[in-house]
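Note sheet for the following structure.
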Amino acid sequence: MTFPLRKIINFAMTKPAEVDTAYEQFFGSLLFSEVKQEWKELFFEWLIFDFKQSGRPSFLLEYILRNTDNLDEKTFNQFEQIAKTQFYSNFEIRKIKRGEWFSLEDIFTGKIYTVHDKKGSESVSGEGTIPGRIAQVDSKWYLVGANSVYFPITYTKRAKNNMRKLKMKNFSPKDTVELLRSQEQAPPASISAPTKRELEKKREGLKVAYAKIAKRFNAAFLFDDLINEIYNEERVNVLDFWKELEKRGLKYEILIEDVELFQDIWNYFPHKCLNNLSPIEVFTKFKEKSTE
């Protein structure tokens, strides 16, 4: 079954200011000419399903409410069902019936879904994982987003249990693109989670570095306040996070003086939404589990 989601993308493109804002949130300063086709497709999926417009619902919901294309009753009903049931996750392939369906296990919850996808079930080579978006339409589950990325990775039962303890929230195509970009920028290498002592040493070094730069710019924004804000963030766009702190007194001059410092502070200190882990701990745990 094919859903005409391109109609929603066309609808979104009638609002170039919103799309520009979405692009900045998704790709940051990355030039459009540097965006690969695979990333574009994942961006458009995120744009219509996950992006929050200014004072408005998602493009999917607004499209349904407006029904500007005067969809026939069957298609309109399909869109409504997609909007109500869709979600994005990372799925492990358990079984394939070629040309018909996958049996997919949600890595983050353990739930099993029979997902109907003729093209996808024919093309994947076998065991592995696919991050993707599924929705239930007429009592059947379908892949409804961009073409799924395939990773030849499977997990042990212990690895899955450990990943579920991380309690990942709001996993989206943005996370998939960030993973693809990180793999491209830094080829896979042996990586292990930092020890408690290594984390303490790194965090102490970041605190000292912040103190020096804050003193140089006569900044009143305390390091402990910064760490508290990072801890309580809720999967916000990192760029928006720093802009908000700038409004609250963290000087712009400091932010641009040493971008890498603030990236490290974000990555090496715990976030409540990551189950009190830092992004570097989550990332290295994920890498470790993916190789077990």
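The values are calculated or read from the model by the stated rules, or taken from the named source; none is laboratory data. Being a predicted model, the structure only gives us computed values, none of them experimental. Ideal geometry is used to build each Cβ from the backbone, glycine not excepted, and the neighbour counts take in all protein chains shown. For accessibility, only protein heavy atoms count, side chains too; no ligands or nucleic acids. Shrake-Rupley method; radii C 1.70, N 1.55, O 1.52, S 1.80 Å.
By how many nm would the segment from Asn77 to Arg56 lengthen if fully extended, with 0.36 nm per residue of separation less the alpha-carbon distance? Please list the in-between numbers first.
On the way: separation 21, 0.36 × 21 = 7.56 nm, distance 2.16 nm.
Full extension from Asn77 to Arg56 adds 5.4 nm.
Note on Arg203: accessible area is roughly 60 Å² with a 1.4 Å probe, heavy atoms of protein only.
Note on Thr284 and Arg181: the extension gain reaches 35.5 nm, defined as 0.36 nm multiplied by sequence separation minus the Cα-Cα distance. Taking every Cα-Cα distance in the range 85-126 and sorting them into 10 Å bins starting at zero, the pair-distance distribution P(r) comes out as 32, 53, 15 percent. Peptides 130-139, 33-42 ordered by packing proxy, namely the average of other Cβ atoms within 10 Å per residue, highest first: 130-139, 33-42.
Accessible area of Asp69 (1.4 Å probe, protein heavy atoms only, ligands and nucleic acids ignored): about 70 Å². With protein chains left intact and a 1.4 Å probe, residues in the chain average 56 Å² of accessible area per residue. Surface composition of the chain: carbon plus sulfur atoms hold 50% of the accessible area, using a 1.4 angstrom probe and ignoring ligands, DNA and RNA.
For a straight C-alpha distance cut-off of 27 angstrom, the lysines reachable from Lys215 (same-chain residues fewer than eight places away being disregarded) are Lys201, Lys202, Lys207, Lys243, Lys247, Lys251. Here is how the number arises for the chain: DSSP H runs of 4 or more residues each give -39500 (n - 2.57), the sum is divided by the residue count, and the result at 222 nm is -15500 deg cm²/dmol. With bins 10 Å wide beginning at 0, the percent of Cα pairs of the range 1-126 falling in each bin runs 11, 34, 35, 20, 1.
Counting alpha carbon pairs within less than 8 Å and at least 6 residues apart, what relative contact order, in whole percent, applies to the range 27-123? Please report the intermediate quantities before stating the final value.
On the way: 85 pairs, mean separation 13.6, N = 97.
After rounding, I find 14 percent.
Volume per residue of the convex hull around the Cα atoms, evaluated for the chain, comes out as 144 Å³. Here's the picture: charge each Lys and Arg Cβ at +1 and each Asp and Glu Cβ at -1 in the chain, and of Phe108, Ala146, Gly205 the one pushed furthest to the positive end of that dipole is Phe108. The share of C-alpha pairs in the range 58-187 whose separation exceeds 19 Å stands at 55 percent.
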